[in-house]
Amino acid sequence: MDLGEDVSSLFGKRSKTSSNSTVNRSRTKGTEEAPTVFNQKKCIAWFRQYSTPSSPDTIGPEGVEMFCRDLNVEPENIALLVLSWKMGAKQMGYFTLQEWLLGLTDLQCDSLAKLQAKLNYLHSLLLDSSHFKSIYRYAFDFSRDKDQRSLDIETAKAMLGLLLGRQWSLLNSFFQFLDQSRYRVLNKDQWCNVLEFSRAVDVDLKNYDVDGAWPVMLDEFVEWLKVNRGESNIQ
């Protein structure tokens, strides 16, 4: 599976916009300017460039894709997830006006140029352990279908790749385990424990506590990995 494409489709998905709800494209070059004082009216006008006349207080998937193009980031760029977290956005592929103002007021960004200048800052938040944990937990609810309590396995893999792809060396092994396992969804407890496991357990698994309070799924992953490494004690 191409995780980049999957995440990209997630950030721009969830509904198909109809031809009669085209995003307002009458944008001006004014959004490229970066005055020093935050202007809420300007921020709202910027928002309207991506919403539609039929839903003026919501940016939908088409508008989010346009926003990403203007910001010059791919939808699978993790900075977009961090920005969504800053906004408290509740549904992937959508920004409400209230969410937009919450996040961009906090960032003091009322223009494209200002937000582009904040991208490195958004990335830097991931370096803080507590912020990363908050963003990781947020990603579960953000990316799941709202009529489901669990996260389907393909979406979970895409988001785990985005969040842990550069820091957990066992991630590909975990994906292989999931592919051959009985698991088709991850619940929130499993999701949160994957992060804790990635931080606490060494690659060689020698410090894994079989009597610990890990979910059964992770016990099964460890046993599967040991079998594949030829280390299992199962007779």
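Just a yes or no: is a residue in segment 199-208 part of a loop (DSSP other than H, G, I, E, B), open to solvent by less than 50 Å² (accessible area, probe 1.4 Å) and at positive phi?
Yes, segment 199-208 has at least one match.
So the check is Cβ under 8 Å with 6+ separation or different chains; which pairs have a first residue in segment 173-186 that's closer than 15 Å to VAL222 by Cα and a second one that's in a loop (DSSP other than H, G, I, E, B) and open to solvent by less than 70 Å² (accessible area, probe 1.4 Å)?
Filtered contacts from segment 173-186: PHE174/TRP168.
Which ones in segment 209-233 are among the hydrophobic types (A, V, I, L, M, F, W, C) and loosely packed, with under 13 Cβ neighbours inside 10 Å?
VAL210, ALA213, VAL216, VAL227
Just to be sure I understand the filter: pairs with C-beta atoms under 8 Å, separated by 6 or more residues or on different chains, first member in segment 101-122 and without any contact (Cβ under 8 Å) to a residue 60 or more places away in the chain, second member among the charged types (D, E, K, R). Which pairs pass?
Between residues of segment 101-122 that are without any contact (Cβ under 8 Å) to a residue 60 or more places away in the chain and residues that are among the charged types (D, E, K, R), the close pairs are LEU102/LYS86; GLY103/LYS86; ASP106/LYS86; LEU107/LYS86; LEU107/LYS114; LEU107/LYS118; LEU122/LYS86.
What do you reckon, is LYS118 in contact with a helix residue (DSSP H, G or I) (Cβ under 6 Å, 6 or more places away or on another chain) and at pLDDT 95 or above?
Yes; evaluated as a whole, the condition is true for this residue.
Out of curiosity, is ALA45 at pLDDT 60 or above and not assigned by the TED database to the domain that holds GLN176?
yes
The values are calculated or read from the model by the stated rules, or taken from the named source; none is laboratory data. Just so it is clear, the structure is predicted and the values come from calculations on it, not from any experiment. Don't worry about glycine lacking a Cβ; one is built from the backbone with ideal geometry, like all the others, and counts go over all protein chains shown. SASA here: full protein model, heavy atoms, side chains in, ligands and nucleic acids out. Shrake-Rupley method; radii C 1.70, N 1.55, O 1.52, S 1.80 Å.
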